[in-house]
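Step one of this worksheet: look at the structure below.
The values are calculated or read from the model by the stated rules, or taken from the named source; none is laboratory data. Please read all numbers here as calculations on a predicted model, not as lab measurements. Every residue, glycine among them, receives a Cβ derived from its backbone with ideal geometry; neighbour counts consider all protein chains shown.
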Ligand code: FES
C-alpha cells in the first residue's frame, strides 16, 4: 500500500513559450526501498513514485479510467494494479496493460539530488 505525503515544491524552470515546471520534493531515497510505492499530492494532483528494481519512476497517481488513487494499489514486479477495477499499468512506461483503463499514465522525470528524490512536474 502507498503512503500519503504532501510534497514541497520549487520552480524548476519556465522556458519561453513553455509551461511552468516545478520540482517536487518527494522523500529521501532511504524512504523508498525497492518495491515501495509512494503517493504525493500537489495542488490537488496525485503523483506516484515507485522503486522498481532500484530505479525510481514517477507518474500520474490517478488511474486513467476513473478517480482511483493508484498509490493505494499493489505493485507486482513492474506493474501497479488499480485498487478499484484492477487495470494494471507498467510503471516504467505508464502503459495501460489491461482494461477497463486504456490510456497510459503520464510519466515524469525524476532527479536524485544527494539522498533525496525529486520529480519534475510540468503544468497539467
Ligand atoms: S478506476 Fe482504475 S481501473 Fe477503474
* Asked: Of these, 101, 58, which one is more than 18 Å from residue 121 (Cα to Cα) and surrounded by 15 or more Cβ atoms within 10 Å (Cβ to Cβ)?
  -> 101
* To do: Go through (1) under 17 Å from residue 112 (Cβ atoms); (2) at pLDDT below 95 one by one and return the number of the condition residue 32 breaks.
  => (2)
* Asked: Identify, please: which residue in the stretch 33-49 is within 16 Å of the ligand (Cβ to nearest atom) and farther than 14 Å from residue 120 by Cα and is, among those, nearest to the chain's Cα centre (by Cα)?
  -> 39
* **Conditions (1) out of contact with any strand residue (DSSP E or B) (no Cβ under 8 Å at 6 or more places or on another chain); (2) away from the ligand (no atom under 12 Å from the Cβ); (3) part of a loop (DSSP other than H, G, I, E, B): number failed by residue 30** => (3)
* Output the residue which, of all residues in the stretch 104-121 that are in contact with a strand residue (DSSP E or B) (Cβ under 6 Å, 6 or more places away or on another chain) and in a loop (DSSP other than H, G, I, E, B), is surrounded by the fewest Cβ atoms within 10 Å (Cβ to Cβ). => 115
* Structure fact -> Picked from the stretch 88-103 (must be free of Cβ contacts under 8 Å to residues at least 24 places away in the same chain, touching a strand residue (DSSP E or B) at 6+ places or on another chain (Cβ under 6 Å) and assigned to a loop (DSSP other than H, G, I, E, B)), the residue nearest to the ligand (Cβ to nearest atom) is 98
* To do: Taking only the stretch 53-87 into account, find how many residues are over 29 Å from residue 113 (Cβ atoms), part of a strand (DSSP E or B), in contact (Cβ under 8 Å) with a residue 12 or more places away in the chain and within 10 Å of the ligand (Cβ to nearest atom).
  => 0
* To do: List the number of the failed condition for residue 46; all other conditions in (1) part of a loop (DSSP other than H, G, I, E, B); (2) surrounded by 20 or more Cβ atoms within 10 Å (Cβ to Cβ) hold.
  => (1)
